[in-house]
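A.B. asks: There's a structure below that I have some questions on.
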Amino acid sequence: MLNTPPALEFKSSTFFAPILILYTHDMVAIEQTLQEKINLAPEFFRDSPLIIDLRELNKLNQDLDFVQITQLLRRIGFFPVGIRGGNEQQNKQARTLSIPIDTVREQGNSITIGEAQKQEAAPEVTAAAKESISPIAAPPQAPVAATLVTQPIRSGQRIYASGDLIILSQVSAGAEIMAEGNIHVYNTLRGRALAGVHGNTAARIFCFDLQAELISIAGDYKTSEDLNKQTYKNPVQIYLQNHALIIKEIA
Amino acid sequence: MARIIVVTSGKGGVGKTTTSAAIAMGLAKAGHKTAVIDFDVGLRNLDLILGCERRVVYDFINVINGEASLNQALIRDKNCNLLYILPASQTRDKDALTEEGVGRVLDELSKDFEYIVCDSPAGIEKGANLALYFADDAFVVTNPEVSSVRDSDRMLGILSSKSRRAERNEDPIKEYLLLTRYDADRVKSGEMLSLEDVQEILSLELLGIIPESKSVLSASNAGIPVILDEKSEAGQAYADVVARYLGEKRPHRFIDGKHGFLRRLFGGRK
Ligand SMILES: Nc1ncnc2c1ncn2[C@@H]1O[C@H](COP(=O)(O)OP(=O)(O)O)[C@@H](O)[C@H]1O
Ligand SMILES: [Mg+2]
């Protein structure tokens with residue numbers, strides 16, 4: 001029998017989606033706060049997938065109609081793609097809406113809304129990355145914390161930070177690091193580094209030893225072939241000037 | 001509780017099975033009850049290198065499927081009574097390896113053994129992933145050439161993210177570099193990467209350099225792990241590896257070929 005090519009193939013991969021943590025079931029408050037966020041960073045939020053996290057809300061015993069919140073989110077331009085921490089009723093509603101129930105622990109980036117006691121008027125934007133806490137870079141006003149990585153990043157691994165990304169170890173060829181903010185690599189950078197991935201043209205890449213396969217800021221990129229010999233294997237900073245990537249040695 | 005060691009590489013033909021047999025024998029010779037498991041379903045050859053192929057009745061998959069007990073399937077080595085081999089199946093489908101089943105067998109072995117050595121198949125598919133999933137220590141077998149180094153780097157990424165330790169947020173798997181099939185002359189002539197070149201990319205703790213040696217082939221033809229050939233350089237290098245793994249300090253040799261040792265100590269993270 002001849003081998004026919006397979007019709008499909010499964011591969012494991014990671015899909016990045018912000019997590020929306022709700023602290024109130026007040027639909028008006030939710031919509032207002034979300035609208036403020038969207039106004040801050042319309043590009044970032046447009047058509048964004050979203051995971052709805054109801055753990056905090058359910059801790060406060062505030063019931064929320066999952067169908068209603070889904071409709072609200074869709075109306076203002078989000079794509080709810082998951083629910084976590086829902087109660088039985090909410091999970092059931094999610095299932096009827098074909099929204100997957102996520103049981104994975106902390107991962108991805110979160111948007112916090114209605115942070116219970118602290119700040120009701122201007123809730124903070126926070127993120128829960130695996131190794132640290134990093135607010136989403138809602139440019140340019142929001143304060144930005146950084147994601148710190150101390151482990152080497154090996155070929156085939158990907159790191160995504162919603163703020164700045166600081167890496168203390170090497171980044172191997174075949175690895176990919178991405179940040180909405182700046183990228184700092186205090187070691188050798190051999191893989192691909194993409195800063196300002198949501199269009200922040202002010203983002204920069206700093207590294208101790210530039211041997212990258214690709215560098216990009218806000219979509220403008222250079223591959224290793226375009227990197228000139230002078231800066232190769234040197235400490236550099238990389239930034240955008242009139243849509244041109246400038247690579248400058250750090251003296 | 002046993003310590004679980006995975007011998008892994010990504011790339012095939014680099015010396016994983018040779019290494020698994022050698023270190024398992026070395027650990028057993030040092031007085032530690034050791035089991036070595038062949039995860040290469042379909043390409044059974046650990047039993048050949050250990051010279052017990054004619055005594056294989058049941059295999060790893062039989063045990064996973066409950067068709068044989070562990071005691072029925074384990075083969076005691078003819079040279080060392082503290083060493084046991086769990087052979088791979090040659091006929092079964094790879095899909096017979098399941099995380100649940102492998103975990104069950106390792107749990108049972110853990111009660112009775114001090115070390116469990118898992119000989120990983122090549123690639124980054126299921127068999128290789130299961131071989132490393134439960135590991136405490138990883139021996140990353142690398143040849144001094146670009147493609148092997150790159151595959152090892154890829155494997156290191158998987159070790160640090162797809163293992164049980166990573167999933168449970170426990171201490172990471174301890175990773176060691178084993179540079180094998182190292183030919184000092186070809187390194188000198190620039191045909192092969194040097195230790196420095198490899199370490200620049202991998203920066204791992206170096207457990208040993210195994211020189212390219214004819215004695216490896218004759219040992220495997222004879223069905224006797226090369227570590228028992230005390231006259232051969234490869235055998236001595238593997239003996240060093242086991243001693244270092246067990247905590248002994250020994251200078252690295254065979255870096256510069258026939259003439260003398262180089263006492264530079266490599267290896268980063270302590
Ligand atoms: N140090 C060495 N010197 C010479 N030949 C070796 C050495 N290590 C392994 N080999 C040979 O390389 C081939 C592949 O080795 P093997 O251990 O089966 O690799 P793997 O399990 O990684 O596929 C075998 O023919 C083996 O004899
Ligand atoms: Mg093998």
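The values are calculated or read from the model by the stated rules, or taken from the named source; none is laboratory data. Note that the structure is predicted; figures quoted are calculated from it, not measured. We place every Cβ from the backbone using ideal geometry, glycine too, and count neighbours over all the protein chains shown. Heavy atoms of the whole protein, side chains included, go into the accessibility calculation; ligands, DNA and RNA do not. Shrake-Rupley method; radii C 1.70, N 1.55, O 1.52, S 1.80 Å.
A.B. asks: Mind checking Rg over Rh on region B:176-216, alpha carbons, Kirkwood formula for Rh? Each step should come with its number before you reach the end.
C.D. replies: Numbers: Rg = 10.5 Å, Rh = 10.7 Å.
The Rg/Rh ratio comes out at 0.98.
A.B. asks: Can you give the mean number of other chain Cβ atoms that lie within 10 Å of the Cβ atoms in peptide B:196-202?
C.D. replies: Values: counts 0, 0, 0, 0, 3, 7, 4.
Going residue by residue through B:196-202 and averaging, the value is 2.
A.B. asks: Something else now. Working out 0.36 nm times the residue gap between A:Gln230 and A:Val28, then minus their Cα-Cα distance, what length gain in nm do you get to one decimal? Provide the component values of the computation, followed by the final result.
C.D. replies: On the way: separation 202, 0.36 × 202 = 72.72 nm, distance 5.70 nm.
Value of the extension gain: 67.0 nm.
A.B. asks: Mind ordering B:211-221, B:234-244, B:43-53 by average Cβ neighbours within 10 Å, highest first?
C.D. replies: On the way: B:211-221: 17.3, B:234-244: 22.3, B:43-53: 20.6.
Descending mean neighbour count gives B:234-244, B:43-53, B:211-221.
A.B. asks: Checking the a/c ratio against 1.5 first, then a/b against b/c, what shape does the Cα gyration tensor give for the protein assembly as shown? Write out the running numbers ahead of the final one.
C.D. replies: Details: a/c = 2.66, a/b = 1.55, b/c = 1.72.
Oblate shape, in that a/c is at least 1.5 and b/c is the bigger or equal ratio.
A.B. asks: In square angstrom, what is the accessible area per residue of chain B with a 1.4 angstrom probe?
C.D. replies: Working: 11800 Å² over 270 residues.
Accessible surface, normalised per residue, equals 44 Å².
A.B. asks: For B:149-162, what's the mean count of beta carbons from other chains sitting within 10 Å of each residue's beta carbon?
C.D. replies: Details: counts 3, 5, 1, 2, 12, 7, 3, 7, 11, 4, 1, 5, 4, 1.
Mean partner-chain Cβ count within 10 Å for B:149-162: 5.
A.B. asks: Could you pull out every residue, at least 5 positions away or on a different chain, whose amide H is within less than 5 Å of the one on B:Cys118? Hs are placed 1.01 Å off N in the peptide plane, and Pro or chain starts have none.
C.D. replies: Amide H neighbours of B:Cys118, under 5 Å, 5+ apart: B:Ile5, B:Val6, B:Val7, B:Ile37.
A.B. asks: Right, something else. With charges only on Cβ, +1 for K and R and -1 for D and E, what is the dipole size of the protein assembly as shown about its Cα centre, in debye, rounded to 20?
C.D. replies: On the way: 58 positive and 66 negative charges, 205 e Å.
Dipole magnitude for the protein assembly as shown comes out near 980 debye.
A.B. asks: Give me the Debye-computed log₁₀ of I(q)/I(0) at q = 0.12, 0.15, 0.17 Å⁻¹ for region A:172-251, equal point scatterers on Cα only, no solvent, two decimals.
C.D. replies: Reported log10 I(q)/I(0), two decimals: -0.26, -0.41, -0.53.
A.B. asks: Please tell me the relative contact order of chain B in percent, rounded to the nearest whole number, where contacts are Cα pairs under 8 Å and at least six residues apart. Write down the numbers at each step before the final one.
C.D. replies: Numbers: 580 pairs, mean separation 62.5, N = 270.
Contact order relative to length: 23 percent.
A.B. asks: A plus B alone minus the pair: what accessible area, both sides summed, probe 1.4 Å, in Å² to 100? Kindly include the intermediate steps, with their values, before the conclusion.
C.D. replies: On the way: alone 14030 and 12340 Å², together 25230 Å².
Summing both chains' loss of accessible area gives about 1100 Å².
A.B. asks: What order do you get for B:66-75, A:52-61 when each peptide is scored by the mean count of other beta carbon atoms within 10 Å, highest first? All intermediate terms of the calculation are to be shown ahead of the outcome.
C.D. replies: Details: B:66-75: 15.1, A:52-61: 17.4.
Ranked by mean Cβ neighbours within 10 Å, highest first: A:52-61, B:66-75.
A.B. asks: Would you mind giving the average projected area, over all directions, of the Cα convex hull of region B:119-220 in nm² with one decimal? The partial results should precede the final answer.
C.D. replies: Numbers: hull surface 27.7 nm².
Mean shadow area of the hull around the Cα atoms is 6.9 nm².
A.B. asks: In bins 5 Å wide, starting from 0, what share of all Cα pairs of region B:1-141 does each bin hold, as a percent?
C.D. replies: Going out from 0 Å in 5 Å bins, region B:1-141 shows 2, 11, 23, 27, 23, 11, 2, 0 percent.
A.B. asks: Taking square-rooted eigenvalues a ≥ b ≥ c of the alpha carbon gyration tensor, is region B:1-60 rounded, prolate or oblate, where a/c under 1.5 means rounded and, failing that, a/b exceeding b/c means prolate? Present the calculation step by step, with values, prior to reporting the outcome.
C.D. replies: Numbers: a/c = 1.58, a/b = 1.13, b/c = 1.39.
Oblate, because a/c is 1.5 or more while a/b does not exceed b/c.
A.B. asks: Just to be sure I understand the model, the point goes 7 Å from the Cα along the line to the Cβ. What's the resulting B:Glu200 to B:Asp95 distance in nm?
C.D. replies: Result: 4.6 nm between the two label points.
A.B. asks: Let me ask another. Restricting to the protein assembly as shown, what percent of DSSP beta bridges are antiparallel, rounded to 5? Mind showing how you got there, number by number?
C.D. replies: On the way: 16 of 84 bridges.
So the antiparallel bridges amount to about 20 percent of the total.
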